[in-house]
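Shown next, in structure tokens, is the structure this report addresses.
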Amino acid sequence: MTAATVQAPPIRVAVIIGSTRQGRFGPTVARWFTRRAAERDDVVLDVVDTAEAVMPHTFGTAADDAGFAAATAKLAAADAFVVVTPEYNHSYPGTLKNLIDQHGAEWHAKPVAFVSYGGLSGGLRAVEHLRPVFAELHAVTIRDTVSLHQPWSLFDDSGELVDGQRAIAAAKTLLDQLTWWGAALRDARAARPYGA
Ligand SMILES: Cc1cc2nc3c(=O)[nH]c(=O)nc-3n(C[C@H](O)[C@H](O)[C@H](O)COP(=O)(O)O)c2cc1C
């Protein structure tokens, strides 16, 4: 008789849309990525949109915005994160930094992956600036990224990439690494609370 295989519960992934600009492209990229992730049975998804979370700009003031509270709850519940970020002036948007800075334990001992977009660099300079920020927050960043260079004309009307094979393969690699770390760190946090 073979032992029954115990299916691990799916990894809860919060996909964070980092831009808030009027006419932003971020939601197009995020929708494409969440469709790829939703094809898997080892993840469940939440979306945290920084545009829907009004954050206090003065630290220590109460965040009484319902969108901010909802974002906080989703970050706390997540086992793993995917940050969808553009590149602004060789870095990432200030609104995203505000969301990151106004949370702490929500990031601890969890993995963070990046889907970036922008001009010639495909947002990679934004990603490299985010890595040390998340290290400071006791998070683990995932090596492989999805990076879209000048993506504005790459999507069709249904929101799919016209020539998406490389990006789809990159998303699979990213999610394979993210779910490995997500499961490993979820088990570790359950066995022993993380003492930061
Ligand atoms: C203020 C600002 C600064 C930008 N700086 C860069 C940059 O340094 N490098 C780059 O490749 N693209 C840069 N871009 C292009 C953005 O990455 C691109 O417009 C992207 O779509 C912005 O994301 P969003 O549409 O979600 O706001 C910049 C755009 C803005 C609005």
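No value in this document is a laboratory result; all are computed from the given coordinates. In this text the structure is predicted, and so the values were computed from the model without any measurement. FYI the Cβ positions are ideal-geometry reconstructions off the backbone, even for glycines, and counts take in every protein chain you see.
What percentages, rounded to whole numbers, describe P(r) for the range 105-196 computed over all alpha carbon pairs with 10 Å bin width beginning at zero?
For the range 105-196, the binned pair fractions read 16, 39, 28, 14, 3 percent.
Based on alpha-carbon centroids, what's the gap between the range 100-146 and the range 7-44 in Å, whole number please?
Each part reduced to its Cα centre gives a spacing of 15 Å.
How compact and how long is the chain, expressed as Rg and Dmax of its alpha-carbon atoms in Å?
Calculated on Cα positions, Rg and Dmax stand at 16.8, 62 Å.
Ranked by Cβ crowding within 10 angstrom, fewest neighbours first, how are F68, F81 ordered?
Result, fewest neighbours first: F68, F81.
List the lysines whose Cα sits under 18 Å from the Cα of K110, skipping any in the same chain fewer than 8 residues away.
K74, K97
Need the full-extension length gain, K97 to R35, defined as separation in residues times 0.36 nm minus the C-alpha distance. One decimal, nm.
Contour length minus the Cα-Cα distance gives 19.8 nm.
Can you tell me, using C-alpha contacts under 8 Å and at least 6 residues apart, the relative contact order of the range 29-127 as a whole percent?
This gives 26 percent for the range 29-127.
Over the chain, what is the percentage of antiparallel beta bridges among all DSSP beta bridges, to the nearest 5?
The antiparallel proportion sits near 10 percent.
For each of K110, K74, K97, count neighbouring Cβ atoms within 10 Å of the residue's Cβ, then give the residues from fewest to most.
Listed from fewest to most nearby Cβ atoms, that is K97, K74, K110.
Taking H as built 1.01 Å from N, whose amide H comes closer than 5 Å to the amide H of D42, not counting residues under 5 places away?
Distant-sequence amide H within range of D42: zero hits.
By Kyte-Doolittle mean hydropathy of at least -1.0 and Cα axial length of at least 15 Å, which whole DSSP H helices of the chain are selected?
Sorted by number, the helices that extend far enough and score high enough are 26-38, 66-77, 124-136, 165-191.
Under 5 Å between amide H atoms, partner at least 5 residues away or on a different chain: which partners does V140 have, H built in plane at 1.01 Å?
The answer is K110, V112.
Given the Cα-Cα distance of L161 and E136 and 0.36 nm per residue of separation, how much length would full extension add, in nm?
In short, 5.6 nm is gained.
Can you list the residues of the range 83-120 with backbone N under 15 Å from a point 7 Å past the Cα of A191, pointing along Cα to Cβ?
Under 15 Å, as judged by backbone N against the label point of A191, lies no residue of the range 83-120.
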